[in-house]
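The values are calculated or read from the model by the stated rules, or taken from the named source; none is laboratory data. For clarity, every value in this text was computed on a predicted model and none was experimentally measured. Here the Cβ is made from the backbone with ideal geometry for all residues, glycine too, and neighbour counts use every protein chain on show. To get the accessible areas, we keep the full protein, side chains included, count just its heavy atoms, and leave off ligands, DNA and RNA. Shrake-Rupley method; radii C 1.70, N 1.55, O 1.52, S 1.80 Å.
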Amino acid sequence: MATKLVYLEGSSPEATLCPVDIERLETLDKLKDHIASIFSVAEAGSISFHSESGLLTSIDEINRTVAKIGVRVDNQVIREPHGPRELPFVGNYFEIHPDHIGNHERLFHRYGNVIKTVVMGRTVYLTNDPRVAKVVFGENEFFTKMPSDFNHPLFSMNNNVALFIGDTTSPAFKLAHKFIPPSMSTNAAQRYMPILQNAVQDSFTVFDQLDGRQAAWNTYQYMLKLSGQVMTKVVLGMDVDHFDTVDTQLHEIVRLIGDYVLLGRTSSLSLPCLKYLPFSSARRLSVTTHRLISLLDQAAAAWPLPGAPDLPIPKAAVQSTCITDYLKRAVDEKNEKLPHEYLIPNIAVVLAAGISTTSSMLSYILYLLARYPDTQTKIFQEVVDNNVTPTTPWAYDTLMSLPYLDHFVKEALRLHGPAFQPARNAKKDVIVPGAYRIPAGAVVNPLFSSLHRNGDYWDNPGRFDPDRWMAADVKKHRMAYTPFAAGPRGCVGFNIAHLELRLVVALLVYRYEFVDVSAEPMRYDPEYLLDRLMNCYVRAIKRTTRPGKEL
Ligand code: HEM
């Protein structure tokens, strides 16, 4: 008999029972593809067929089966994601906050690899399963990024003309995505090495003075100064001089970016009805954004320099002085530029994405260097062995080919990657690996902190161990490690980020020995859009010797 009655196990057979003509489907794989399209199963390969007598392993067995045939995913019946019971208004707020990283981890252990949470009226599904993350990040028939949706964690920051905070389907996204990434390609990023090196060298006077006073300093505050100095130069071509003195304040643009990222998060954690109050996070976010945009408008007016010609995108990417200069001069194959109305919002987003992530990451990096002196010594030794002196301009290839430094940065990003809101929206009902049914419209967030610590995919996941990266099979799944997300909406600044993280570590470790002098256990800021360290204090002690030689 060529027509079989097939249903999804876990639902009532009547609700999903479906006649399937298997005459033309000669192989099991073809049948799985067909069933996947009928029942909206994201990974056809995860489907299995079952009758009362057990698993059906071939098309012949299926052909011989007269009774209804059940479909499972990953050999599981289809199930709804669960989560803690909701309280009125606040939902699961107190189950998750203030320690959202730790509590999400706890909830995965309790409710499974896909969980459902409701916080202040916003429903978000979270996963620690890399197989689910692969589907979610795909920008495919099932998922897209849509911050314009109320439940999306970036809803309060949504602007559909900008990367990061705009919908993939917005007309502006295509254009922004065509113009912006080339300015951060591997080749383009290399050109920023001298800027990066100068910025780090600028910081030496201040760290030397702090050392002279035997003073400890907060890693986040100084790394915000450093990454603010680097990124304003790379993006705006502007000097913010954060290291004129030990007490130099943050430039207003950098300070506003910190406020913008903080308020974006706090407004998404507030009850929506509070947004009308004069001092609500949403109101303050709006005021902050306006001021930031107006300052960036002024800064961008400095570019291009008089007489600088327009250039095709690939040339502009490697010949411009900074990203703003590039965006104002780059023309596409139709000789058209990025529309003016998209320019400043995208500059704001690139700057905010660049500063907020690298400052958080670098503060964790300094913590790890101080906490693990042997690791620090190995990095120092590796830099010395490569004959780099404080005055040598670093070559891109040398920097990127130091294996221990590379492993250290990867391990730091695994355990403390700063991003944790890479949410996507389900375009239709879909069954994801693990047999979880995700309803159309749902927001799904693959949570890096838990993906990167998932014991099914990492040996001894909580252990800080740069050497794990020596093993070829360190990642048991391609998506078990994605600090920069993945797919078409993944990070476009990762070349610059990789360069900056490595160069800062190499230059600082060559000059200083970092010692942890924090008075209390580490705390991250639960109200920030990224994972940033609040209370790590180090001393940077200027080195006087290096292996084998006087410095
Ligand atoms: C350690 C450093 C960094 C990390 C961990 C990081 C991580 C990420 C992640 C996870 C996303 C995806 C967000 C999502 O899925 O919703 C993203 C997007 C983005 N990142 Fe990064 N990032 C870093 C550095 C940078 C830098 C230095 C820049 C620019 C100079 C940058 C610019 C961007 C932009 C523009 C997007 C939006 C892309 C889009 O919407 O298509 N990032 N980043």
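Flag: ARG453 matches the condition of being part of a loop (DSSP other than H, G, I, E, B) and either of a type in the set (Val, Ile, Thr) or not assigned by the TED database to the domain that holds VAL234 (or both). Under the condition of being assigned to a helix (DSSP H, G or I) and out of contact with any Pro (no Cβ under 9 Å at 6 or more places or on another chain), which residue from the range 177-186 is nearest to the ligand (Cβ to nearest atom)? Once the filter is applied, the top-ranked residue is MET184. Among the residues of the range 227-235, some residue qualifies, meaning at least one is within 18 Å of ALA348 (Cβ to Cβ), among the charged types (D, E, K, R) and assigned to a helix (DSSP H, G or I).
Filtered by the rule that a residue be more than 8 Å from the ligand (Cβ to nearest atom) and open to solvent by 20 Å² or more (accessible area, probe 1.4 Å), the range 475-485 gives LYS475, LYS476, HIS477, ARG478, TYR481.
Residues of the range 132-176 that are closer than 20 Å to LEU451 by Cα and more than 13 Å from the ligand (Cβ to nearest atom): VAL132, LYS134, VAL135.
All conditions but one from (1) closer than 28 Å to SER46 by Cβ; (2) open to solvent by 20 Å² or more (accessible area, probe 1.4 Å); (3) within 16 Å of the ligand (Cβ to nearest atom); (4) in contact (Cβ under 8 Å) with a residue 60 or more places away in the chain apply to GLU105; the one that does not is (3).
For every residue, the table says whether it meets (1) under 17 Å from ALA199 (Cα atoms); (2) more than 16 Å from the ligand (Cβ to nearest atom).
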residue	(1), (2)
SER363	yes, no
ARG371	no, yes
GLN376	no, yes
THR391	yes, yes
ASP397	no, yes
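ARG283 meets all of the listed conditions (1) part of a loop (DSSP other than H, G, I, E, B); (2) under 23 Å from LEU529 (Cβ atoms); (3) open to solvent by 80 Å² or more (accessible area, probe 1.4 Å) but one, namely (1). Looking only at the range 258-274, residues that are farther than 24 Å from SER359 by Cα, assigned to a helix (DSSP H, G or I) and touching a residue at least 60 places away in the same chain (Cβ under 8 Å) come to 1 in all. Does GLY237 satisfy being more than 30 Å from LEU126 (Cβ to Cβ) and touching a Lys or Arg at 6+ places or on another chain (Cβ under 9 Å)? Criteria not met by GLY237.
Each row is one residue, and each column tells you yes or no for (1) over 19 Å from THR375 (Cβ atoms); (2) in a helix (DSSP H, G or I).
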| site | (1), (2) |
| --- | --- |
| THR482 | yes, no |
| ILE496 | yes, yes |
| VAL515 | no, no |
| MET522 | no, no |
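Applying the condition of being crowded, with 21+ Cβ neighbours inside 10 Å and in contact (Cβ under 8 Å) with a residue 40 or more places away in the chain to the range 327-342 and asking which residue is farthest from the ligand (Cβ to nearest atom) yields ALA330. Within this structure, LYS233 fails the test of being basic (Lys, Arg) and in contact with a His (Cβ under 8 Å, 6 or more places away or on another chain).
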